[in-house]
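**Student:** Below is one structure. I have some questions about it.
The values are calculated or read from the model by the stated rules, or taken from the named source; none is laboratory data. Quick caveat, the model's predicted, so the values are computed rather than measured. Here Cβ is always computed from backbone atoms with ideal geometry, including for glycine, and neighbour counts include all displayed protein chains. Note: areas computed on protein heavy atoms with side chains; ligands, DNA, RNA excluded. Shrake-Rupley method; radii C 1.70, N 1.55, O 1.52, S 1.80 Å.
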Amino acid sequence: KEDNLVFRTLQGTTPVDIAVTALQVAGCDLRELATSEEGEKLLPQLEIQGKSLPRVDLSGVLWEGCTVADTDLRRALLYGCGFRNCRFTNCTLDGAVMENAVISGCEFRACTFTHATLKGVVSVGSVLFDRCDFDLSDLTDIKFQPNEEGQTEFTACTNLGYSVCNRKGWTGNFVLRK
């Protein structure tokens, strides 16, 4: 993977890396880049900063210990992904499809999920959504599973009301803080 230009530029922060990533990656199926020698679809400890990755397909990939900041993931296909111990800061996930994803030990800070689909997400343990916007998102059938590490918390998030997003069928314990 280190020899792959797309993989290298995902982690690069120079203007050239950012431009190359935008040209090569937008709308691409990146699942094969995330496949390990054992056949697992895994993104371990990846750091992505300031990238434009709209419409990428990373469905079914396990994101483990990743840090993603100031990144555009509009309309990304993240169907059935696993997110474990990841941090997303100031990311745009508008229109992203995260249906049936499993999220554990993650933080989402100042991210937007406008028109995103999070239907059927399972949130395990300590998961934080801080200052996130869920305008017109589909949040139906989310399952919250607290454990000894904590529970899901929504802090100062906007547009979580029934009139602006669909959150029918939520089960389990979670915390809403203003």
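**Student:** Per residue, how large is the accessible surface of region 56-133? Use a 1.4 angstrom probe and give square angstrom.
**Tutor:** With all protein chains present, region 56-133 gives 33 Å² per residue.
**Student:** Would you work out the charge dipole size for region 93-178 about its Cα centre, treating the Cβ of every Lys and Arg as +1 and the Cβ of every Asp and Glu as -1, and quote it to the nearest 20 debye?
**Tutor:** Details: 8 positive and 11 negative charges, 47 e Å.
Value, rounded to 20: 220 debye.
**Student:** With the crude spin-label approximation of a point 7 Å out along Cα→Cβ, what separation in nm comes out for Asn159 versus Leu42?
**Tutor:** Taking the two extended label points, one gets 3.6 nm.
**Student:** Return the loop-located GluC sites (Glu not before Pro) in region 113-178 (DSSP other than H, G, I, E, B) with at most 11 other Cβ atoms within 10 Å of their own Cβ; answer none if there are none. Don't skip to the answer; put the middle values down first.
**Tutor:** On the way: sites: Glu148, Glu149, Glu153; in loops: Glu148, Glu149.
When the GluC sites (Glu not before Pro) of region 113-178 are filtered for loop state and at most 11 Cβ neighbours within 10 Å, Glu148, Glu149 remain.
**Student:** Tell me, what are the semi-axes, in whole angstrom and largest first, of the equivalent ellipsoid of region 50-178 as set by the roots of 5 times the Cα gyration tensor eigenvalues? The partial results should precede the final answer.
**Tutor:** Details: eigenvalues 74, 54, 40 Å².
One finds semi-axes of 19, 16, 14 Å for region 50-178.
**Student:** Right, something else. Give me the percent of accessible area attributable to carbon and sulfur for region 71-141, probe 1.4 angstrom.
**Tutor:** Details: 1120 of 2470 Å².
Answer for region 71-141 is 45 percent, counting heavy atoms of protein chains only.
**Student:** At a 1.4 Å probe radius, which order do Lys51, Lys143, Lys178 fall into by accessible area, largest first? Please list the in-between numbers first.
**Tutor:** Values: Lys51 5, Lys143 90, Lys178 225 Å².
The ordering from most to least exposed comes out as Lys178, Lys143, Lys51.
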